[in-house]
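Peer 1: Got a structure for you, questions after.
The values are calculated or read from the model by the stated rules, or taken from the named source; none is laboratory data. Just so it is clear, the model here is predicted, and its values are computed rather than measured. Here the Cβ positions follow ideal geometry from the backbone for every residue, glycine too, while neighbour counts run over all protein chains shown. Keep in mind that these areas ignore ligands, DNA and RNA; they rest on the heavy atoms of the full protein, side chains included. Shrake-Rupley method; radii C 1.70, N 1.55, O 1.52, S 1.80 Å.
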Amino acid sequence: MQTVSTFNFAGKKALVRVDFNVPLNERFEITDDTRIKATIPTIQKIIHDGGSVILMSHLGRPKDGPIEKYSLRHLVTPLSIVFGVKVKFAPDCIGEEAIRLASELKAGEILLLENLRFYKEEEKGDEAFAEKLSKLGDVWVNDAFGTAHRAHASTAVIGQFFSEKVAGFVMQAEIENAQKILEYAERPFTAIMGGSKISDKILIIENLLDRATDIIIGGGMAYTFFKAQGGKIGKSIHEDDRMPLALEILAKAKAKGVNIHLPVDNVVADDFSNTANTQTCASGEIPDGWEGLDVGEKSREQFAKVILASKTILWNGPMGVFEMENFQAGTKAIAVAVAEATQNGAFSLVGGGDSVSAVNQFGFNDKVSYVSTGGGAMLEYFEGKTLPGIAAIKG
Ligand code: AMP
């Protein structure tokens, strides 16, 4: 796969798909510019080489064409400040004006296109729309890993209209770090799976059964396993229809020699509330009217031992309802253990949804090897799927 680091952009117009789907407040000010800052290295490299940049992105979920709330115009001034160049704006992402603005662009200049999703064709992966977009640049750079699992016009379909296709630095970093987990994991390799539902994570767990030495299963999904084994779970979250699947995972893991670690004890509450009464219960012995909202102290110690003995660690999903202070100790204990293992030389990746929020909230984001910003795309990667946005760069 061609990457930004080795490609020479001199004299080229780079059409760069970025993920500028940033949160805006009611005054249209950006409240978190992490996604914008992440693209700085890619854009600087293109400009440094002597190329020009045409940025395209979606913002929000506009349903019926252009709407002020989701206009990328709001990003022009903040982008100009971040990149130190006066960013130009095309009020329509295709059409005559966009073509004119793109063709007039000089080396070192940046043009931002209006929201791609103002056209329904974007999400439909419409070929004609993708071809119109492709006319704006000489080379396609895909730096939007977060949308790489979607076969949209600008994220994948457009690839066929370019002979030169390049992965941006964000895309490259996400892929390289994910590969350290799926392809080159040093053993022992521990996967920590948490979160509310087993159904969301089942494909990842199945894919990891062929790779991991140990899988720690905590959070809400553990209770489906306990109930399936005949345990008492009170009113803990669970999925009855997934119980056969839970038993199947345990059997498969046994057959493949993968150690599955479920919590041995749980912090249970009489209400789904931070002020609920709590007690600690052994797994499978939760009384009626109580629900497990975190893993207990013994489990935390056992999980930490497994983590500290690992050379590769993947963490996806919290161990409990970490949003409530009284049920965050399990998730915090995992963060501490992963940080310590990392300091001792292990490679650790935190990816997908709420475990990312948890490490950020606890201030552990720089104590792990890599925090993925890929969300759903990273989860699909770990399920073993081919992501259309990556395939399009390679193809
Ligand atoms: P997910 O998006 O599947 O990773 O799930 C994350 C959510 O799972 C978080 O909002 C947690 O509060 C929730 N969660 C974790 N453990 C439990 C539990 N034992 N009971 C209910 N919800 C849980």
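Peer 1: Can you tell me how many residues within the range 74-90 are assigned to a helix (DSSP H, G or I), loosely packed, with under 15 Cβ neighbours inside 10 Å and of a type outside the set (A, V, I, L, M)?
Peer 2: Going through the range 74-90 one residue at a time, the tally reaches 1.
Peer 1: For the range 56-72, which residues satisfy the criterion of being within 16 Å of residue 112 (Cβ to Cβ) and in a loop (DSSP other than H, G, I, E, B)?
Peer 2: Hits for the range 56-72 are 57, 58, 59, 60, 66, 71.
Peer 1: Could I ask something else about it? Do we have any residue at all in the range 291-308 that's within 14 Å of the ligand (Cβ to nearest atom), small (Gly, Ala, Ser) and assigned to a loop (DSSP other than H, G, I, E, B)?
Peer 2: So far as the range 291-308 goes, yes, one or more of its residues are within 14 Å of the ligand (Cβ to nearest atom), small (Gly, Ala, Ser) and assigned to a loop (DSSP other than H, G, I, E, B).
For every residue, the table says whether it meets (1) on the phi > 0 side of the Ramachandran plot; (2) of a type in the set (D, E, K, R).
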site	(1), (2)
2	no, no
14	no, no
19	no, yes
26	no, yes
36	no, no
60	yes, no
69	no, yes
74	no, no
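Peer 1: Could you look through the range 196-219, keep only residues that are open to solvent by less than 10 Å² (accessible area, probe 1.4 Å) and either under 21 Å from residue 298 (Cα atoms) or in contact with a Lys or Arg (Cβ under 7 Å, 6 or more places away or on another chain) (or both), and pick out the one that is nearest to the ligand (Cβ to nearest atom)?
Peer 2: Filtering first and then ranking leaves 219.
Peer 1: Right, something else. Consider residue 272 carefully, then state whether it is among the aromatic types (Phe, Trp, Tyr) and within 12 Å of the ligand (Cβ to nearest atom).
Peer 2: Answer is yes for this residue.
Peer 1: Which one is most open to solvent (accessible area, probe 1.4 Å) among residues in the range 227-245 that are under 29 Å from the mean Cα position of the chain (by Cα) and of a type in the set (A, V, I, L, M, F, W, C)?
Peer 2: 237
Peer 1: So in the range 38-55, with the set limited to residues that are in a loop (DSSP other than H, G, I, E, B) and small (Gly, Ala, Ser), which one is nearest to residue 139 (Cα to Cα)?
Peer 2: 51
Peer 1: Just one of the numbered conditions (1) in contact with a Ser or Thr (Cβ under 6 Å, 6 or more places away or on another chain); (2) touching a residue at least 40 places away in the same chain (Cβ under 8 Å); (3) over 14 Å from residue 18 (Cα atoms) is not true of residue 56; which one?
Peer 2: So residue 56 meets the others, but not (3).
Peer 1: Anything in the range 288-300 that is over 15 Å from residue 193 (Cβ atoms) and surrounded by 21 or more Cβ atoms within 10 Å (Cβ to Cβ)? List them, or say none.
Peer 2: Scanning the range 288-300 gives 290, 291, 292, 293, 294, 296, 300.
Peer 1: While we're looking at this one, here's another question. May I ask you to list the residues in the range 301-329 that are of a type outside the set (A, V, I, L, M, F, W, C) and surrounded by 24 or more Cβ atoms within 10 Å (Cβ to Cβ)?
Peer 2: Answer for the range 301-329, where residues must be of a type outside the set (A, V, I, L, M, F, W, C) and surrounded by 24 or more Cβ atoms within 10 Å (Cβ to Cβ): 310, 316, 317, 318, 320.
Peer 1: Considering only residues that are outside any helix (DSSP H, G or I) and among the aliphatic types (A, V, I, L, M), which ones fall in the range 27-37?
Peer 2: Within the range 27-37, 30 is the sole residue that qualifies.
Peer 1: Looking at this structure, is residue 346 among the small types (Gly, Ala, Ser), touching a Lys or Arg at 6+ places or on another chain (Cβ under 6 Å) and crowded, with 22+ Cβ neighbours inside 10 Å?
Peer 2: yes
Peer 1: Residues being out of contact with any Cys (no Cβ under 6 Å at 6 or more places or on another chain), over 15 Å from residue 208 (Cα atoms) and surrounded by 14 or more Cβ atoms within 10 Å (Cβ to Cβ): count how many of those fall in the range 246-273.
Peer 2: Residues flagged as out of contact with any Cys (no Cβ under 6 Å at 6 or more places or on another chain), over 15 Å from residue 208 (Cα atoms) and surrounded by 14 or more Cβ atoms within 10 Å (Cβ to Cβ) within the range 246-273 amount to 9.
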